[in-house]
Amino acid sequence: VGAFTAYDLEAALAACRAAADTGTGVIILLSARSYMDRDGEALLAALLAVAAHSPARACVQLDHCDRLEVLESALAAGVGAVMADGALLPYEENVALVARAVAVARKHGSAVEAELGSIQGDEDTAQAATVGALTDPEQAEDFVARTGTDCLAVSIGNVHGHYSRPPELDLGRLRAIRSRVSAPLSLHGASGLPDTLLQRAINAGIRKVNVNTELRIAYLDATRESLPDAVDGTRLTVLHAAQVAAVQSVVQAKLAVLGASSSE
Ligand SMILES: [Zn+2]
C-alpha cells in the first residue's frame, strides 16, 4: 500500500483520486508536526473527511510521533493508524511506548506502526541525509513479539528527504527481518529510490511505502508554474487544480510501481 503525506486538502484529494484511478487503497499521512500545529486538529478533521468521501479505500495515519498523549488524541479523533516512533529512544523505552500505543489503538479499532533502527532525515523538509542505524533482524523479532505492533518500519539504507549519495538498500537484511517477523514491513523515504530498487524491496518483503518529498516538489513546481495564470484573474481555483493534478500524477506513478511489484 502507498502512504502519502498531505499538508492540506489538495494533496489528500490528489492521493485519493490517484488511488481511485488505479483501483487501489491509499494511506494519507499527517505529519505529527502538522497535527501539533495550532490548527492541526482541524486539518486532521479535514483529512478524515477527504478519506470518508474518497471513492477509493482510504485511511488517515498520524506519522512519526513519540508522544503518547498526542498518539492518544489522534486515535480518539478517528485516525485509522498511528506511527508510534520510539526509534531514537533506548530499546526498552521504544518497546514500552509502542506497547502502550498498541493498547490504546486496540480500543479504537486502529492500527500501530513502529520503527526499529533509525531512519535518518527530516520528514517535513528535504535535506540530504546519510543512513542511520540499521534494523537488527533478531531484535526486530523480539520487538514485534513484545509490542504487538501491526507494522514495522525498517532501516535498511533508506532515509527521509534527499539521499546524500545514490541509495543502496540492504535487501539481505530485509529478507532476514522478513523471515523473523510476520507483521507487514514498511519502507520510509521512497522519494528518490529508483523504481527498480523499490520493486526489489517489495519483492523482498516490503508491504507499505511512504512517500513525501517527491509530492512536495511536484506541488511546489505546479504552484510556481500556475501562479501567473492564477494571479492574472485572481483565480485561486486555477492554483488548486494545478496542485491537485501535479500531486495526483506523482501518486499515480508510485502506485503503478507498487502494483507492478505485487503482481510478480
Ligand atoms: Zn517516515
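Just so it is clear, none of the values below were taken in a lab; they were calculated from the coordinates. In this text, all values refer to a predicted model and were calculated from it rather than measured experimentally. All Cβ positions, even for glycine, are placed from backbone atoms using ideal geometry, and neighbour counts span all protein chains on display.
If the segment from SER118 to LEU9 were pulled out straight at 0.36 nm per residue, it would be longer than the present Cα-Cα gap by 36.2 nm. Angle, helix 137-147 long axis vs. longest principal axis of the chain, Cα atoms, 0 to 90°, nearest 10? For helix 137-147, the angle is close to 80 degrees. Taking the Cα centre of the range 115-205 as origin and assigning +1 to Lys and Arg Cβ atoms and -1 to Asp and Glu Cβ atoms, the resulting dipole is close to 320 debye. Sparsely packed loop sites in the range 181-228 (the trypsin sites (Lys or Arg not before Pro) outside DSSP H, G, I, E and B with at most 11 other Cβ atoms within 10 Å) do not occur. The convex hull of the Cα atoms of the range 1-114, projected and averaged over all directions, covers 6.6 nm². Distances between placed amide hydrogens fall under 5 Å for GLY80 paired with VAL60, all partners being 5 or more residues away or on another chain. A full extension of the chain between ASP21 and LYS107 corresponds to an added length of 27.6 nm, given 0.36 nm per residue minus the alpha carbon distance. Checking every one of the trypsin sites (Lys or Arg not before Pro) in the range 1-43 against DSSP loop status and a limit of 15 other Cβ atoms within 10 Å picks out ARG38. Between the Cα long axis of helix 9-22 and the first principal axis of the chain there is an angle of about 80°, rounded to the nearest 10.
Amide H contacts of ALA153: ALA114, GLU115, LEU116, SER186, each under 5 Å away and 5 or more positions distant or on a separate chain (H built 1.01 Å from N in the peptide plane; Pro and chain starts excluded).
If I fit a long axis through the Cα atoms of helix 68-77 and take the longest principal axis of the Cα atoms of the chain, what angle between them do I get, 0 to 90°, rounded to 10? Its long axis makes an angle of about 50 degrees. Directionally averaged projected area (the range 186-244, Cα convex hull): 4.5 nm². Calculated [222 nm] ellipticity per residue, helices only, for the chain: -17000 deg cm²/dmol; basis is -39500 (n - 2.57) per DSSP H run with n ≥ 4, divided by all residues, nearest 500. Toward the positive end of the charge dipole of the chain, with +1 on the Cβ of Lys and Arg and -1 on the Cβ of Asp and Glu, the farthest Cα among GLY189, GLY23, LEU220 is that of GLY23.
A Cβ-based charge dipole, computed about the Cα centre of the chain with Lys and Arg at +1 and Asp and Glu at -1, lands at about 620 debye. Overall form of the chain: prolate. Here a/c, set by the Cα gyration tensor axes a ≥ b ≥ c, is 1.5 or more, and a/b is the larger of a/b and b/c.
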